[in-house]
Protein chains: 4
Amino acid sequence: MRETEVRVGIVGATGYSGRELIRILSRHERVSLTYLARSPEGLKNRVETRSAGSEPRFHRLPVLPYEADACVSQCDVVFVALPSGSSGQIAAELWARGLVVIDLSGDLRLPTDKYEVWYGKPPAPKEAQETAVYGLTEFNRPLIRAARLIANPGCYATCATLALYPLIQGGLYAPNTTIVVDAKSGVSGAGRTPTQNTHFPELAGNFYAYRVGRHQHTPEIEQSLRLSDGSIILTTQLLPVARGIYVTAYVKVEKTCSIDEIDACFHRVYDSEPFIRLLPPGEIPELKHVLGTNLCTIGFHLHPNQGVLQVFSVIDNLMKGAAGQAVQNLNVIQGWPETTGLEQEWPFYP
Amino acid sequence: MRETEVRVGIVGATGYSGRELIRILSRHERVSLTYLARSPEGLKNRVETRSAGSEPRFHRLPVLPYEADACVSQCDVVFVALPSGSSGQIAAELWARGLVVIDLSGDLRLPTDKYEVWYGKPPAPKEAQETAVYGLTEFNRPLIRAARLIANPGCYATCATLALYPLIQGGLYAPNTTIVVDAKSGVSGAGRTPTQNTHFPELAGNFYAYRVGRHQHTPEIEQSLRLSDGSIILTTQLLPVARGIYVTAYVKVEKTCSIDEIDACFHRVYDSEPFIRLLPPGEIPELKHVLGTNLCTIGFHLHPNQGVLQVFSVIDNLMKGAAGQAVQNLNVIQGWPETTGLEQEWPFYP
Amino acid sequence: MRETEVRVGIVGATGYSGRELIRILSRHERVSLTYLARSPEGLKNRVETRSAGSEPRFHRLPVLPYEADACVSQCDVVFVALPSGSSGQIAAELWARGLVVIDLSGDLRLPTDKYEVWYGKPPAPKEAQETAVYGLTEFNRPLIRAARLIANPGCYATCATLALYPLIQGGLYAPNTTIVVDAKSGVSGAGRTPTQNTHFPELAGNFYAYRVGRHQHTPEIEQSLRLSDGSIILTTQLLPVARGIYVTAYVKVEKTCSIDEIDACFHRVYDSEPFIRLLPPGEIPELKHVLGTNLCTIGFHLHPNQGVLQVFSVIDNLMKGAAGQAVQNLNVIQGWPETTGLEQEWPFYP
Amino acid sequence: MRETEVRVGIVGATGYSGRELIRILSRHERVSLTYLARSPEGLKNRVETRSAGSEPRFHRLPVLPYEADACVSQCDVVFVALPSGSSGQIAAELWARGLVVIDLSGDLRLPTDKYEVWYGKPPAPKEAQETAVYGLTEFNRPLIRAARLIANPGCYATCATLALYPLIQGGLYAPNTTIVVDAKSGVSGAGRTPTQNTHFPELAGNFYAYRVGRHQHTPEIEQSLRLSDGSIILTTQLLPVARGIYVTAYVKVEKTCSIDEIDACFHRVYDSEPFIRLLPPGEIPELKHVLGTNLCTIGFHLHPNQGVLQVFSVIDNLMKGAAGQAVQNLNVIQGWPETTGLEQEWPFYP
């Protein structure tokens, strides 16, 4: 038996992020999983059917229909990992009732007006949205440390922001130029509900862009980079793999800027970060170098004649892009070593 | 412009078998595609959405909601490729109104009583079921030639029957022993409707058996091999690939039986068959050796000490296992060369 | 038996492009396959081993070690599909001896000096290189018609040039701006020789960029678009699929340029092309919409505030990107209908 | 810093089993990784190239060419994970020099005469082979506890033996009948050296049997089940996935045998096992239910009329089938809790 310090619940425990949270937290030495709930809408019945006889049965905890009272009484901290549109409401409610809440949906990340434009759904309560701290850990530790409500970043936004922020902070980005973020994602990013688009025979051997010009992570990236609207062109594309995000970004840099300067700039920002790995100039990351870990690996290549820097960035969308970063934020809030429960440094490979 | 002789329709044109029929028939020199319909239930709306801007638009024919009158007036021959339970009803109706009908579902393959047990659905009209000729072309040409209503075989049943029939007909099978058919199928065999089981992230990198002991192709194989009930143990398993069926069968053979005898037996039955390829003893087929073709490739290996013959058999489930064999049957009915429209002998590979 | 007009050979018949040529030509009504050879270096022994018992045996033609005399005496036209570095030499020799030659390698596409820089190999004979006509059919028909030596375009170059040329020809491209071509390719583009990088367990579930800043198709695209050196940033990336190329291009367009103008521009150039499909503005192609066909499908999306046009373009790398376009060029040279042998319009899907 | 008790080395650290050992051991609280070596033949240079810039650099330990002296001086325990033929030699040498050695190859599993027949290679020193304890942990704990040289079981053998042993021990297996083991494996089972067969474009979308009738795990299974030669027909088949083994076994059982009896028999043997999960009768495991874990999940289905029991068994071939079981054996030898370092119970899924 491990010594447990904090009682943790998961609302949305049957989705991919919820399951990944269980995978991480069942080995996290400082927490005790005390409450697992599915979506209140019960749309996960379908999901449950198939795995009924498998993993859940072997776990000590049943997955219950969500009830706020049960959740509040059994948890100190709760992760809410429901679809956008309902997640923020529940996160706000649980926060209002005193829990520490980490919301993995997009509901608390954008100001209400932008949320309505990009998500097309009724926004979460304004107070919760305004209070929520954006949980891109590397750039927001002081606020996260004091927070009781976290808006955990989107997977594309995490991968792109980590790739680009040092350039902007370091003044290497040529101001007012358009940054192209050509991003590719594994299918688990689309969630666990089956659709025509994610039907196996359609996607096997396939690849395509979707939501071109209107993906909701676009304003999230601009906001987290402190750039004005329209600075980013984000292309989101579906890879025929289960996991991982690969970002290829194209950034105009100051003409005089050398590869050594760029390298130094990235190292300045990231050298003390436990989850960021910088490759030497010219080396390119692979998607599978991070699967199963909370790492983000970054490489870059300068086209000096064109004044364009290519930045390559990879994460596991369910780890650093969702559940892993959520646990990282929990560790920061609790004052635990940031890598607790996230020690796995060798990828699940092959 | 090709000279057209026969007006052909497809009911169920948006499913995988329906689309494969279009792929074949759009290059078949003797037919003209005159009518494409989707399921009357309109459940294909979902399907249509995604490809709206792609292939269908480039085809001259619209895909209409099914109407019997339109179908009858515009076609001489119709392929019905709807889900079991509704396909046989429509096939029976169109046949009663004078069309030549090839039904790709399981609805007309089994006697009514067996159908009800294994499919658990209301059976098609008894007269149609009793009239329908089982369309495993290689073993049923005389009846097919005269038929106006075809029950096109199931994909597993085609692959297993082609692997086993020569042994039974040739008297090499040890009577009253159990034949094990360990079969693996690509996911397109499950149809185009998305489900949790066929959601990409669940199946990518996965493999599992399903409907163990109760797959509806079991009695179809026993019937087409003229074996008594319970002779076959059929295991159906899902491969994380879009197409293809791979059968590994284990058959008790007479102890005295040599590999040369077995080889001769297969050659006797198949040497004049345009779509069957026999490998020399000991060579093993690969799934991708037949993709995109109407071929069935068969190999075998004798375990003499155990008196067990392993037979390996592969087909493309949408070709020889569905649309290809359906066109082969059309060719037989019309008295055309059996390979018309099915000339592709080199697989789609890699 | 088909009436044969032209005797055709393939040197490099065991590689992926060679096999695809056989797949196409075995159904091409105007040619007769008379000669198949493997690489003179015999490096294909490895390849042959595995499929020894399968397809090749079923084809009437043996695959011989290459000999120029045999090739010259048995063919009118020959496709040379060997690795860059040896392909151009053999193509030049066969052309000098009077055959019509279509070379699928990169050896004859670039001027000698550029070839040496980007390929790092000894160039093909200068006369052959200078005589060879670049076979991007859509933009070079008059020259192709009269040619006896074709430099068949690269797969990435075909896909990118078809996406971009109308914008440049139509004056919509903002001159002297950098065009980003973010390209993704199936693994068959890397050829049939096994390497660590293309070992199945490494690539399954993986994705990564390679040869960043130094892919040899970069100058080929610039040349075919008539742009100056350095106009293109080409990123080549490996998709975990067997086939297909997907190009996402980002082009600065004149600020005043509307989506209707762009649409009209593409239609002006492509409306009479049998193998180009334009999607309506905002619709995005999928990789699997073209597999098994010689088609190129193009879609685009305008970001008006940024003055950036995204163009999406897909081809089957072994068809329009190699063997298919090679046959298209043969058809042009011979004065046959350009779609002969390439009639398949429905993709191999799913 | 963890408290370290035992210094551990890996010879063969760049292969798949070696890397998986690093993945496990870097989180194992009782060991310290002190020595990593590649094959003495240096054939792994190829492997190293590609990942040079990625994981190895981030690990504190360099991967050295193997030298016995260095290994002996720096380790208490060593895992040898080299290809069969060279692994056993090195294991024997290190054991003779006093180390505790766990050999993951097939070299020490079979008596010398059988080894020569099935492996066709020079056998390891006889004394080492005869001393080595077969490390199928569940059935051999007393001997393992006292061992200093372990022959770690093969992946197929582990999966099949765990599926079948209770039936034999419990007297439910009908003696002298042939057991069919239809097994499917992910490609990492073939190791990290690229071959034509494991080239991505050949295997993607493919499936096939290999080494039919002559797979070297056949006698290993018979031996570990204490059955006479020829009792098992093992079919090994390659799945287009990176990881996992799926066994479908067909066993003749005593006619009177009920499903409850079978269920009870399995539970008797496995109820106290930390890594075996039994599914209720009729439930079927999936490959992905165990990936990334050291678990073996077993399900079964009785065909009472035929007297045939189907047993389904899944493992991760690199975990319970190789590195995981090797660490489990280390734990037993050291007297540590058997799950140390192997606590992950939730699969890497999706």
| request: Can you give me the three principal axis dimensions of chain C from its C-alpha atoms, in Å, biggest first? | output: 61, 46, 42
| Antiparallel bridge percentage (DSSP; both residues within the protein assembly as shown; nearest 5) | 45
| message | Per residue, how big is the convex hull of the stretch B:277-350 when only Cα atoms are used? Give it in Å³. | response | 103
| task | Using the Karplus curve 6.51 cos²θ - 1.76 cosθ + 1.60 with θ = phi - 60°, work out ³J(HN,Hα) for each residue of the stretch D:343-348 in order, rounded to whole Hz, and write x for Gly and Pro. | result | 6, 4, 9, 8, x, 6
| query | If we sort C:213-219, D:277-283 on the protection proxy, mean other Cβ atoms within 10 Å, highest first, what's the order? | reply | C:213-219, D:277-283
| Taking the convex hull of the alpha carbon atoms in the stretch C:241-285, what volume per residue do you get, in Å³? | 98
| remark: Inter-copy distances for B:Asp113, label 7 Å out on the Cα-Cβ vector, sorted ascending, nm, one decimal, are 5.8, 7.5, 8.9
| task | Please work out the C-alpha center-to-center distance from the stretch C:141-184 to the stretch B:298-318 and express it in whole Å. | result | 50
| Whole-Hz ³J(HN,Hα) from phi, Karplus 6.51 cos²θ - 1.76 cosθ + 1.60, for the stretch B:304-313, glycine and proline x | x, 5, 8, x, 10, 9, 9, 10, 10, 9
| Tell me, what is a quarter of the convex hull surface for the C-alpha atoms of the stretch C:197-350, in nm² with one decimal? | 11.1
| said: For a bin width of 5 Å, list the pair-distance distribution of the stretch A:85-128 built from all Cα-Cα distances, rounded to whole %. | reply: 5, 27, 35, 21, 9, 4, 0
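Please give the average number of partner chain Cβ atoms lying within 10 Å of the Cβ of each residue in D:299-306, rounded to a whole number. Write down the numbers at each step before the final one.
Values: counts 5, 1, 6, 1, 5, 1, 4, 8.
So the per-residue partner count for this stretch is 4.
Ranked highest first by average number of other Cβ atoms within 10 Å, how do B:327-333, A:129-135, B:288-294 line up? Working shown, then result.
Details: B:327-333: 24.6, A:129-135: 20.6, B:288-294: 26.6.
The most tightly packed comes first, giving B:288-294, B:327-333, A:129-135.
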| note | For the B:Leu61, C:Glu273 Cβ pair and Förster radius 22 Å, calculated FRET efficiency rounded to 0.05 is 0.50
| task | Evaluate the Debye formula for the protein assembly as shown with equal point scatterers sitting on the alpha carbons, no solvent, and hand back log10 of I(q)/I(0) at q = 0.04, 0.06, 0.08, 0.09 Å⁻¹, in q order, two decimals. | result | -0.23, -0.55, -1.03, -1.34
| said: Given bins 10 angstrom wide, list per bin the percent of all Cα-Cα distances in the stretch C:63-106, short to long. | reply: 31, 61, 9
| How much accessible surface area, in Å² rounded to 10, belongs to the heavy atoms of B:Met319 with a 1.4 Å probe? | 10
| note | Expected vector for the stretch C:175-192, Karplus 3J(HN,Hα) from phi with 6.51, -1.76, 1.60 and θ = phi - 60°, integer Hz, x for Gly and Pro, equals x, 6, 9, 7, 9, 9, 10, 8, 10, 10, 10, x, 6, 4, x, 8, x, 9
| message | Before I look further, what does the protein assembly as shown give for accessible area per residue, probe 1.4 Å, in whole square angstrom? | response | 31
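For chains C and B, what's the summed buried accessible area, probe 1.4 Å, to the nearest 100 square angstrom? Before the final figure, lay out each step's value.
Numbers: alone 15220 and 15220 Å², together 26720 Å².
Interface between C and B: roughly 3700 Å².
Would you work out what percent of the accessible area of the protein assembly as shown, with all protein chains in place, is carbon or sulfur (probe 1.4 Å)? Intermediate values should be presented prior to the final figure.
Working: 22110 of 43840 Å².
C and S atoms contribute 50 percent here.
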| message | Cut-off 10 angstrom, C-alpha nodes, Gaussian network model of chain B. Which of B:Tyr210, B:Tyr173, B:Tyr270 fluctuates the most? | response | B:Tyr210
| message | Between B:Gly299, B:Gly18, B:Gly120, where does the largest GNM mean-square fluctuation fall for chain B, given springs only between Cα atoms within less than 10 Å? | response | B:Gly120
| task | May I ask you to order B:103-114, A:97-108 by the average number of other C-beta atoms within 10 Å around their residues, highest value first? | result | A:97-108, B:103-114
| remark: Among B:Ala204, B:Ala326, B:Ala81, the residue with the largest mean-square fluctuation in a Gaussian network model of chain B built from Cα contacts under 10 Å is B:Ala204
| field | the stretch A:103-223: radius of gyration and largest Cα-Cα distance (Dmax), Å | value | 16.2, 47
| query | Which of the residue pairs A:Lys252/C:Lys320; A:Lys184/A:Lys252; C:Lys184/D:Lys288; A:Lys255/A:Lys320; B:Lys114/D:Lys184 have a Cα-Cα distance greater than 26 Å in the structure shown? | reply | A:Lys252/C:Lys320; C:Lys184/D:Lys288; A:Lys255/A:Lys320; B:Lys114/D:Lys184
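Enter the mean number of other protein chain beta carbons within 10 Å of the beta carbon of each residue in C:20-28, as an integer. Present the calculation step by step, with values, prior to reporting the outcome.
Values: counts 4, 1, 2, 8, 1, 1, 4, 5, 0.
Mean partner shielding for this stretch: 3.
Just the number, please: Stokes-Einstein D of the stretch D:210-266 in µm²/s, Kirkwood Rh from C-alpha pairs, 4 °C, 1.567 mPa s. Don't jump to the answer; show the numbers that get you there.
On the way: Rh = 13.8 Å.
Roughly 94 µm²/s, to the nearest whole number.
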| Reachable lysines from C:Lys121, criterion Cα separation under 22 angstrom, eight or more residues apart if same chain | C:Lys44
| task | Shielding by partners for D:285-295, please: the mean number of other protein chain Cβ atoms within 10 Å of each residue's Cβ. | result | 5
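The values are calculated or read from the model by the stated rules, or taken from the named source; none is laboratory data. It should be emphasised that the depicted structure is a prediction, and the values quoted were computed from it without experimental measurement. Because the Cβ atoms are built from the backbone with ideal geometry, glycine has one as well, and the counts that use them run over all protein chains shown. Note: accessible area is taken over every heavy atom of the protein model, side chains too, but ligands, DNA and RNA are not part of it. Shrake-Rupley method; radii C 1.70, N 1.55, O 1.52, S 1.80 Å.
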